[in-house]
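Asks: Sharing a structure with you now.
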Amino acid sequence: MRIAIVGAGSIGLAVAWRAAQAGAEVVVHDPDPGSGASRVAAGMIAPVTEAHYGEEALGPFMAESADAWPGFARELEAASGLQVGFRDVPTLVVGVEDGDRAEIERQAELYRFTARNVEALSPRAARKVEPLLSHRVRGGVLAPEDRAVDPRAVHTALLAAVERAGVMLRCKGVDDLGALDADQVVIAAGCGSAEFIGAGGGALRGAESALWTLPVRTVRGVVLRLRAVGAQPVPRTTVRGYVKGHSVYIVTRENGEVVVGATSDERGFDRLTGTAGAVHDLLRRSIELVPEIAEYHLEEVSVGFRPGTPDNLPLIGRLDERTIAATGHYRNGIALIPATAAAVAALLGGEEGAAPAAFDPLRFGRTRAGASPDPDLNAAGGATTQEEDS
Ligand SMILES: Cc1cc2nc3c(=O)[nH]c(=O)nc-3n(C[C@H](O)[C@H](O)[C@H](O)COP(=O)(O)OP(=O)(O)OC[C@H]3O[C@@H](n4cnc5c(N)ncnc54)[C@H](O)[C@@H]3O)c2cc1C
């Protein structure tokens, strides 16, 4: 079988890798592989601390993917010969004021619905788990099963693994799916997934031969990369917290990189506006939780675009007999790599219903290309933009 994959982010590459392993002839199309969210992300694999009200349908798939990550990381490292920075360290969620503490308690109720391990911690117990926490921290919760991976290392390893598996990479954009010479097409173009219009639209053509598009929206996020200098200590856990009602997270890599994130807004593909304020807010909040961060070297400010959907759930499934969607992963596209790749590989293998029904890419009906988004769709689910996000 000949498979064309549109998009060489981590989702497209992981699908390509699985499809090639199953014996398919795979071509991945992307004008700039790795230019999307996959190399900006923090890398949290967080079925507990990424649980949000209104997104309960995501829970089992997040859990399945998180559980698959250790084996997926080992297999990818063996296939690529490269490390992916998977870290089995717990996540702490802490607050500095009474209001923050109340917010964490509210969140913890939802965390407990994930049926995974969650422990309430006193301030002293929290500092025992993470000695770098500020003395102002008022306690919080521990999610021992939320983990993290280095998304840049994962993307680099996937590139190497697909090459070794015989996948061809074509550095050219696609706008007309109908023009692709393939038996099956997978749309994995992140925030570009809404844009296959105006040039035939091939497989997205509806019964009445109209053109249709996927309901993917762009949710911008700023994230910082810092580095401890010399013998400076770094957090040994992932720290998430609320500071005067605003959230922030701190993810540490084995190599000493410390990622602080992230903002969230819907200003489209704007890489510049508002970054100064974002840097200021993220640094101030992270330093309130972990004062040592003020001593680190600020290496990078990056801006990425999360592919969101009207109900914040991904779009994974068949659009028609030739086309599959694997996009819309919003805040959780790194966490969901293993489960998405497995589900799409099964769909390609003819297994109907391999992806959860809640992720059906046609659940919003067919959206006419070029039409303004349906306001009712945007009101559905929890699509409201939060000020800070993962
Ligand atoms: C600041 C920030 C922090 C995040 N933190 C986390 C986190 O901690 N944990 C987590 O799980 N997720 C996180 N995410 C979300 C995660 O990064 C995304 O959900 C995930 O990377 C989406 O991967 P993707 O492969 O679908 O898309 P992308 O990585 O965006 O890749 C899409 C690719 O498609 C290509 N493309 C676009 N249009 C076309 C076209 N017409 N033809 C061909 N190719 C095309 C692009 O060039 C790009 O390479 C974060 C995101 C951001 C922005």
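Taken together, the values in this text are just the output of simple stated rules run on the coordinates, not laboratory data. Quantities reported herein were computed from a predicted structural model and do not represent experimental measurements. Using ideal geometry, Cβ is built from the backbone for each residue, glycine included, and neighbour counts are taken over all protein chains shown.
Asks: If each residue's Cβ is checked for other Cβ atoms within 10 Å, how do 247, 38 rank with the fewest at the top?
Replies: The order, fewest Cβ neighbours first, is 247, 38.
Asks: Still on this structure: Per-residue HN-Hα couplings for the stretch 335-348, Karplus 6.51 cos²θ - 1.76 cosθ + 1.60 at θ = phi - 60°, whole Hz, x for Gly and Pro?
Replies: 4, 8, 4, x, 5, 5, 4, 5, 5, 6, 4, 5, 4, 5
Asks: Rg/Rh for the chain to two decimals, with Rh computed the Kirkwood way over all alpha-carbon pairs.
Replies: Numbers: Rg = 20.6 Å, Rh = 21.2 Å.
Reported Rg/Rh (Cα atoms, Kirkwood Rh): 0.97.
Asks: Name the long-range amide H neighbours of residue 148: under 5 Å, sequence gap of 5 or more, or other chain; modelled H, no Pro or chain starts.
Replies: Those lying under 5 Å, H to H, from residue 148 are 45, 87, 89.
Asks: Just add up the charged neighbours of residue 185: K/R +1, D/E -1, any other residue whose Cβ is under 12 Å from the Cβ of residue 185. Working shown, then result.
Replies: Values: positive: 2, 318, 322; negative: 176, 181, 183, 320, 321.
Taking every Cβ under 12 Å from that of residue 185, the sum is -2.
Asks: Can you run phi through the Karplus equation (6.51, -1.76, 1.60; θ = phi - 60°) for the stretch 264-280 and list ³J(HN,Hα) in whole Hz, with x for Gly and Pro?
Replies: Per-residue couplings from phi come out as 8, 8, 10, 8, x, 8, 9, 8, 10, 4, x, 6, 4, x, 5, 4, 4 Hz.
Asks: Compute the helix-to-body angle for 151-164: its Cα long axis versus the longest principal axis of the chain, expressed 0 to 90° and rounded to tens.
Replies: Taking the Cα atoms of the chain, the angle to 151-164 is about 30 degrees.
Asks: Going by alpha carbons, how many degrees (0 to 90, nearest 10) lie between the helix axis of 98-113 and the longest principal axis of the chain?
Replies: That works out to roughly 50 degrees.
Asks: Return the whole-Å distance between the Cα centroid of the stretch 29-90 and the Cα centroid of the stretch 116-145.
Replies: 24
Asks: Net charge within 10 Å of residue 298 by Cβ-Cβ distance, Lys/Arg positive one each and Asp/Glu negative one each, not counting residue 298 itself? Intermediate results must be reported in sequence, preceding the final value.
Replies: On the way: positive: 225, 227; negative: 299, 300.
Residues near residue 298 contribute 0 overall.
Asks: Each residue of the stretch 65-72 in turn: what ³J(HN,Hα) in whole Hz from Karplus with 6.51, -1.76, 1.60 and θ = phi - 60°, glycine and Pro shown as x?
Replies: Taking θ as phi minus 60°, the curve returns 5, 4, 5, 7, 4, x, x, 4 Hz for the stretch 65-72.
Asks: Okay, next question. Run the numbers for residue 97 and residue 170: contour at 0.36 nm per residue of separation, minus the present Cα-Cα distance, in nm. Mind showing how you got there, number by number?
Replies: Working: separation 73, 0.36 × 73 = 26.28 nm, distance 5.17 nm.
Stretched out fully, the residue 97 to residue 170 stretch lengthens by 21.1 nm.
Asks: Taking 0.36 nm per intervening residue step and subtracting the Cα-Cα distance, what contour gain separates residue 57 from residue 113 on full extension? Don't jump to the answer; show the numbers that get you there.
Replies: Working: separation 56, 0.36 × 56 = 20.16 nm, distance 1.19 nm.
Going from the current span to full extension adds 19.0 nm.
Asks: Here is a further query. For the stretch 313-360, what is the charge dipole size about the Cα centre, in debye to the nearest 20, if Lys and Arg each add +1 at the Cβ and Asp and Glu each add -1 at the Cβ? Don't skip to the end; give the middle numbers.
Replies: Working: 3 positive and 5 negative charges, 47 e Å.
For the stretch 313-360, the charge dipole is close to 220 debye.
Asks: Also, quick follow-up: Which cross-chain or sequence-distant (5 or more) residues have an amide H under 5 Å from the amide H of residue 262, H modelled 1.01 Å from N in plane?
Replies: 249, 389
Asks: Please compute the net charge surrounding residue 328, taking Lys and Arg as +1 and Asp and Glu as -1 over other residues with Cβ under 10 Å from its Cβ. List each step's numbers first, then the result.
Replies: Numbers: positive: 217, 306; negative: 311.
Cβ neighbours under 10 Å give a net charge of +1.
Asks: Need the full-extension length gain, residue 351 to residue 273, defined as separation in residues times 0.36 nm minus the C-alpha distance. One decimal, nm. Before the final figure, lay out each step's value.
Replies: Working: separation 78, 0.36 × 78 = 28.08 nm, distance 4.49 nm.
So the chain would gain 23.6 nm between residue 351 and residue 273.
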